[in-house]
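Working notes for the structure below.
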Amino acid sequence: MSNVVIYTKDYCPYCHRAKALLDSKGVAYTEFDLVAEPQRRDEMITKANGRTTVPQIFINDVHIGGCDDMMAMNVEGKLDVLLSAQ
């Protein structure tokens, strides 16, 4: 199974939507809530090439973007391929 990391904020509807998609696929992920752990914000921005919005999603250490990016990958059939890679 892939290593999935998602940076979120607890009140973000896009974060909830992204996690719901991962949950529906049975994908385990590590979540870093930037409200609870604000010190991780700079880490996220660096890893996400300057992007400051949440969620920011990484699969196997590859930045795939935010919620809309992941949803588009899912529609194109690319998300399952990436999630099944090890």
Kindly establish whether V54 is surrounded by fewer than 16 Cβ atoms within 10 Å (Cβ to Cβ), touching a helix residue (DSSP H, G or I) at 6+ places or on another chain (Cβ under 8 Å), of a type outside the set (D, E) and within 14 Å of V5 (Cβ to Cβ).
no
Looking at the stretch 65-82, is at least one residue free of Cβ contacts under 8 Å to residues at least 24 places away in the same chain and under 11 Å from the mean Cα position of the chain (by Cα)?
yes
I'd like the residue in the stretch 1-46 that is touching a residue at least 40 places away in the same chain (Cβ under 8 Å) and polar (S, T, N, Q) and, out of all such residues, is surrounded by the fewest Cβ atoms within 10 Å (Cβ to Cβ).
N3
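Please verify whether the stretch 48-57 includes one or more residues that are within 10 Å of the chain's Cα centre (by Cα) and β-branched (V, I, T). Steps first, answer last, please.
Let us first name the residues in the stretch 48-57 that are within 10 Å of the chain's Cα centre (by Cα), namely 54-57.
Adding the requirement that they be β-branched (V, I, T) leaves 54, 57.
Yes; the residues of the stretch 48-57 include at least one that is within 10 Å of the chain's Cα centre (by Cα) and β-branched (V, I, T).
Read-outs: derived from the displayed coordinates by stated rules, not from any lab. Keep in mind it's a predicted model, so treat the numbers as computed, not measured. As a convention, Cβ positions derive from the backbone with ideal geometry for all residues, glycine included, and neighbour counts pool all protein chains shown.
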